[in-house]
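Below is one structure; the comments refer to it alone.
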Amino acid sequence: MPAKNTIPEIKLSVEQIKKMKYCIGLEKERIKRGKYQCYRNYYNAGLAPDPDLDYLVSVGLADYQKEHRGAGETLTRYWLTPKGIFVLAYLFEIKIEIEERKQ
């Protein structure tokens, strides 16, 4: 049985990594002392399917929700799973902390 936070071999494109970073607002300037405070975790893909993000869902790095709008429009919102956040933290050798939202 693999360790809890091990990463199986997953092939990611540069574009997929960019979209993962965008989901959580990860920018080099926001990393302080090896830590990044995540202030969001979503990517609104709009009306068209996004093959890059659908691949991330298929390997467990992201999840999604479809939102039905009027006139037959369906928007898709993606977000990173804890595994996706772990992979980004591993790739960039940082600690990613998720900001708790007050409701």
More than 19 Å apart - percent of Cα-Cα pairs taken over the chain: 46
Residue order, fewest to most beta carbons within 10 Å, for 23, 38: 38, 23
Most positive-pole-ward Cα, 12, 98, 58, against dipole of the chain from beta carbon charges: 98
Antiparallel DSSP beta bridges within the range 14-98, percent to nearest 5: 75
Candidate aspartates and glutamates for bridging to residue 21, where Cα separation is under 18 Å - those fewer than 8 sequence places away on the same chain excluded: 29, 50, 52, 54, 63, 93, 97, 99
In the range 53-103, GluC sites (Glu not before Pro) in a DSSP loop with at most 12 other beta-carbon atoms within 10 Å: 73, 93, 99, 100
Residue range of the chain that is longest and free of trypsin sites (Lys or Arg not before Pro) which are both DSSP loop and sparsely packed (at most 14 other C-beta within 10 Å): 70-100
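For residue 57 and residue 73, compute 0.36 nm times the residue count separating them, minus their Cα-Cα distance, and round to one decimal in nm.
Taking residue 57 through residue 73 to full extension adds about 3.6 nm, to one decimal.
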Out-of-range pairs (alpha-carbon distance over 29 Å; input 19/95; 35/66; 18/95): 35/66
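Every number here is computed from the coordinates shown, using simple stated rules; none is lab data. All of these numbers come straight from a predicted model, not from anything done at the bench. Neighbour counts run over all protein chains shown; Cβ positions are idealised from the backbone, glycine included.
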